[in-house]
1. Tally up the residues in the range 133-188 that are touching a Lys or Arg at 6+ places or on another chain (Cβ under 7 Å) and of a type in the set (A, V, I, L, M), please.
2. So, in the range 39-48, of the ones that are without any contact (Cβ under 8 Å) to a residue 12 or more places away in the chain and outside any loop (DSSP other than H, G, I, E, B), which residue ends up farthest from residue 268 (Cα to Cα)?
3. Which residues, taken from the range 137-146, are of a type outside the set (Gly, Ala, Ser) and either touching a residue at least 60 places away in the same chain (Cβ under 8 Å) or buried (at least 16 other Cβ atoms within 10 Å of the Cβ) (or both)?
4. Starting from residues that are assigned to a helix (DSSP H, G or I) and surrounded by 18 or more Cβ atoms within 10 Å (Cβ to Cβ), keep the ones in the range 26-38 and report whichever is modelled with the lowest pLDDT.
5. Among the candidates 298, 280, 216, single out the residue that is of a type in the set (A, V, I, L, M, F, W, C), touching a Pro at 6+ places or on another chain (Cβ under 8 Å) and under 30 Å from residue 38 (Cβ atoms).
Amino acid sequence: MNFNVTNQIRFFGISIVALTFTFLLNNFLNFWADWPGVNTFFANIEWFGFKKLQNPLEGPSLVQAWIQLLSYILVIFLSFSYVSSTSNKKLIQDSVTLSSLTAYIIRASFWIVLLVGLVDMVLSFLRVEDYLIPLFGQDLGMALGRPNFRGTYVHFPVMLISLIIAYFTRTLGFLWLAVLVVVAEFQIVLARFIFSYEQTFMGDLVRFWYGSLFLFASSYALIHEGHVRVDVLYTKFSKRAKAWSNSLGCLLLGVPICWTVLLRGMWCKQCIINAPLTNFETSMSGYGMYVKYLMAGFLAIYALTMLIQFISYFLGNASVLQEEIQVSDLQSTDSIKTIVE
């Protein structure tokens with residue numbers, strides 16, 4: 001095993017991504033599966049200033065808390081094992097892998113908002129016009145009018161289909177999503193001023209697609225150097241100075257912001273991301289779309305994809321500092337593919 005500086009950097013970056021996914025998994029176990037959580041475990045043994053629990057953990061709850069704690073230790077060990085077993089890998093190779101992961105998550109998110117938006121719009125229209133019960137029967141028609149049922153048995157299967165579609169497609173489709181936002185807005189104008197017909201779900205669809213377009217495209221733009229730089233000093237830097245600036249910017253500014261969004265939004269059940277998701281929150285109007293809870297999830301997707309891409313960008317610039325590649329190669333997709341292959 002050659003645990004040199006390159007592999008230490010790889011271990012650091014991969015560990016951050018792995019710990020992020022572990023946090024999201026434990027968040028699901030905490031608030032959807034009612035597991036106790038690591039913070040409850042620390043309170044149980046009075047570590048790190050947590051107040052002692054009135055009802056100590058015991059039995060299955062204690063086992064679950066141990067599993068959650070050990071999961072964080074396990075992913076660090078697995079990250080170390082991965083880096084050790086692939087010690088000849090270059091930083092740029094891991095950078096490309098993480099960028100590919102980011103691109104997949106964004107593709108899947110695009111298909112989710114597209115398909116869920118269309119399906120839920122149709123169901124909302126049928127509900128507004130009282131067609132649900134005639135078409136689906138009394139029981140299923142009434143159930144489709146409940147947010148938790150529609151989310152669990154309609155949205156989630158559509159999301160699974162979207163994940164499969166995203167695996168086999170390579171286009172992100174943001175251009176098409178932007179066009180669909182325009183089409184959705186146009187049909188509101190058309191229906192309102194020509195047919196005098198307007199329903200809440202029509203505006204909800206525009207907001208649903210527009211919100212996803214803005215948040216999901218952010219990490220996509222980061223992949224392709226599409227964000228605007230304030231190049232007051234940066235343009236005068238040497239190539240190594242630019243790599244240092246990018247690396248430190250990712251670690252000191254980018255990653256902390258992403259973790260702040262995740263921690264503030266998902267630390268407790270009443271936090272701004274968890275609360276809408278766990279309650280299948282809908283709009284105040286009784287006849288809108290049932291996708292408002294997913295819009296809270298957009299923030300988590302935004303933070304996750306941006307964090308992964310910041311780590312990818314950090315590894316790519318670290319490869320410049322380690323003299324694996326040149327800055328010009330880092331900015332060229334074709335050059336990176338040639339180096340990786």
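The values are calculated or read from the model by the stated rules, or taken from the named source; none is laboratory data. Everything numeric in this text was worked out from a predicted model, so none of it was measured. Cβ coordinates were reconstructed from backbone atoms using ideal geometry, including for glycine residues, and neighbour counts include every protein chain displayed.
1. Result for the range 133-188: 3.
2. Applying the filter and picking the extreme gives 45.
3. The answer is 144, and nothing else.
4. Here the answer is 38.
5. 280
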